[in-house]
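Have a look at the structure below, then the notes.
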Amino acid sequence: MKKNIRVSAAVIKSGNEMLCIQRGDNKLSYLSYKFEFPGGKVEENEHPRDTVMREVQEELKMNIIVEKEYMVVEHEYPDFFLKMYVYICSVESRELQLTEHISYKWLMSEFLHTLDWAEADILIVNKLIVDKNV
């Protein structure tokens with residue numbers, strides 16, 4: 001039986017660019033070295049909006065401003081079902097510190113498709129490319 005995992009993710013905007021972060025090696029090979037939007041697991045009794053702020057602070061040492069809920073992604077991976085709450089966020093500073101990821105890029109929406117994304121994040125990328133006024 002596959003696990004159900006709830007996560008939150010941040011589409012972090014600065015000017016007309018968005019932050020894309022790259023995973024390192026992963027025990028689930030289909031996630032290794034893939035790009036994703038930063039975030040993490042929603043803890044018990046935690047609101048997904050609080051999760052996204054906590055996870056970005058833990059993973060990137062960034063303080064974000066959550067502007068709005070953007071979409072909810074449901075995706076089935078080989079080992080688990082994922083429900084991802086996605087928020088549009090902004091930052092006052094692009095300064096960050098990678099603590100769990102190996103690389104990052106700031107890209108305009110029209111260039112997001114050039115990266116090798118985790119499958120669930122592709123759904124976000126496709127919507128961002130269409131939604132010019134995010």
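Every number here is computed from the coordinates shown, using simple stated rules; none is lab data. Small disclaimer: the values here were computed from a predicted structure and weren't measured. Heads up, the Cβs are rebuilt from the backbone with ideal geometry, glycines too, and the neighbour counts pull from every protein chain shown.
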Checklist entry - According to the square roots a ≥ b ≥ c of the eigenvalues of the Cα gyration tensor, what is the shape class of the range 33-80, taking rounded for a/c under 1.5, prolate for a/b larger than b/c otherwise, and oblate for the remainder? => result prolate
Next on the checklist: Suppose the chain between LEU98 and GLU110 were pulled fully straight at 0.36 nm per residue; how much longer would it get relative to their current alpha carbon spacing?
Outcome noted: 1.9 nm
Checklist outcome for this item: Unit-weight point scatterers at every alpha-carbon of the chain, Debye formula, q = 0.12 1/Å: log10 I(q)/I(0) is -0.41
Checklist entry - Which length gain, in nm to one decimal place, applies between GLU74 and LYS27 when the Cα-Cα distance is subtracted from 0.36 nm times their residue separation? => result 14.8 nm
Checklist entry - Can you list the GluC sites (Glu not before Pro) in the range 70-123 that are in a DSSP coil and have 11 or fewer other beta carbons within 10 angstrom? => result GLU92, GLU95
Next on the checklist: Spelling out what I want: for every residue of the range 62-68, take phi, set θ = phi - 60°, compute 6.51 cos²θ - 1.76 cosθ + 1.60 (Karplus), and round to whole Hz; glycine and proline get x.
Outcome noted: 10, 9, 10, 10, 7, 8, 6
Checklist entry - What trypsin sites (Lys or Arg not before Pro) does the range 9-114 have in DSSP loop regions with at most 10 other beta carbons within 10 Å? => result LYS27
Checklist entry - To the nearest 20 debye, what charge dipole does the range 3-130 have about its Cα centre, counting +1 at the Cβ of each Lys and Arg and -1 at the Cβ of each Asp and Glu? => result 100
Checklist entry - If you add up the charges near TYR30, with Lys and Arg at +1 and Asp and Glu at -1, over every other residue whose beta carbon is less than 13 angstrom from its beta carbon, what do you get? => result -4
Checklist outcome for this item: Given the candidates ASN63, ILE122, PRO48, the one whose Cα lies deepest towards the positive end of the charge dipole of the chain, counting +1 at each Lys or Arg C-beta and -1 at each Asp or Glu C-beta, is ILE122
Item to check | ³J(HN,Hα), Karplus 6.51/-1.76/1.60, whole Hz, each residue of the range 91-108, x for Gly, Pro | outcome: 9, 7, 9, 7, 5, 8, 9, 6, 10, 10, 10, 9, 7, 8, 9, 9, 10, 6
Checklist outcome for this item: Percent relative contact order for the range 3-130, counting Cα pairs under 8 Å at least six residues apart, stands at 34
Checklist entry - Taking 0.36 nm per residue of separation and subtracting the Cα-Cα distance, what length does fully extending ASP131 through GLU17 add? => result 39.7 nm
Checklist entry - Looking at the range 1-68, which GluC sites (Glu not before Pro) are DSSP coil and have at most 15 other C-beta atoms within 10 Å of their C-beta? => result GLU43, GLU44, GLU46
Checklist outcome for this item: From DSSP H assignment alone, runs of 4+ in the chain each adding -39500 (n - 2.57), the sum over residues rounded to the nearest 500 puts [θ] at 222 nm at -6000 deg cm²/dmol
